[in-house]
1. Give Met102, Met42 a once-over and let me know the one that is modelled with pLDDT of 90 or more and either part of a helix (DSSP H, G or I) or in contact with a His (Cβ under 7 Å, 6 or more places away or on another chain) (or both).
2. Can you tell me how many residues within the stretch 45-71 are in a loop (DSSP other than H, G, I, E, B), among the aliphatic types (A, V, I, L, M) and within 25 Å of Ala134 (Cβ to Cβ)?
3. Going through the stretch 16-47 one residue at a time, which ones are aromatic (Phe, Trp, Tyr) and under 16 Å from Leu96 (Cα atoms)?
4. On the given criteria, is Leu79 under 16 Å from the mean Cα position of the chain (by Cα) and under 24 Å from Phe201 (Cα atoms)?
5. Condition test on Ser16, is it modelled with pLDDT of 90 or more, surrounded by 14 or more Cβ atoms within 10 Å (Cβ to Cβ) and part of a helix (DSSP H, G or I)?
6. Tell me which residues, restricted to the stretch 45-75, are in contact with a Phe, Trp or Tyr (Cβ under 9 Å, 6 or more places away or on another chain), under 22 Å from Val145 (Cα atoms) and without any contact (Cβ under 8 Å) to a residue 24 or more places away in the chain.
Amino acid sequence: MEIQISQNNRNSPSISNLFLSFLKLGLTAFGGPAMVAYIKKMAVDRHKWLDEATFKDGVVLCQSIPGSTAMQTAAYVGLRARNIFGAFASYVGFGLPAFILMLILSVFYASSHNMPKVVSLFSGLQVIVVSIVAQAAFSFGKSMVKSYRDFFIPVISGILFWRGMSPFIVILGAALAGIVFFKRSDTPKTYNDVKKENQLFKQISLMVMIPFLFLLGLYFFDKNLFRLAALMFKINFFAFGGDSELCR
């Protein structure tokens, strides 16, 4: 699979439009990995910022790297629609409602988690995770599994996950199987494609430096906060499989 870097969106939104659209989506759409379906409905079906093939390539990419698939998909849509600043606007807008809500709920939970009604409430919510993951699997499968080859890879991967194999190895094996089963001829790149790739590489390199500079500053500001941030960074960096890590 080859992810084309050059923009192919049909309707280019403004940065503020991206931010507000994903902010609204973050406020109204629930369900962890199932939210990718809501992102597709908004970005592909309603606003037509991306075509369906480009969006599917992005979902595959986001599922194959560490971290939350839904958050990464939001950033991917913003990146394809308005480059690096669009990715930042989409990512922040999409994650901001959940961040604020989690702060509020954490304060509430810390003071009432031993109450019988609260315990019963969270016990019921835990069961919902199963249906959320099942719904997400059905949504992805319906749109992506078109032939026996498409069906073969997820079934074998699912069995390996069930047997406890490392997600990194399973993802790598699926990628190699994709090279064998879905080999396509390379499309030659134009001068504009190469120029945009170089520009995007510089922008992404700058964005990657920001969290490391933040960690460095946190180290001198508060050692305890630095250790906490470094621990979360390590967990997220090695948590392959997106939101499916919740089930492990």
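1. Every option except Met42 fails the conditions.
2. 1
3. Answer for the stretch 16-47, where residues must be aromatic (Phe, Trp, Tyr) and under 16 Å from Leu96 (Cα atoms): Phe19, Phe22, Phe30.
4. Yes.
5. When the stated conditions are applied, Ser16 does not pass them.
6. Listed by number, the list holds a single entry, Phe55.
The values are calculated or read from the model by the stated rules, or taken from the named source; none is laboratory data. Quantities reported herein were computed from a predicted structural model and do not represent experimental measurements. Heads up, the Cβs are rebuilt from the backbone with ideal geometry, glycines too, and the neighbour counts pull from every protein chain shown.
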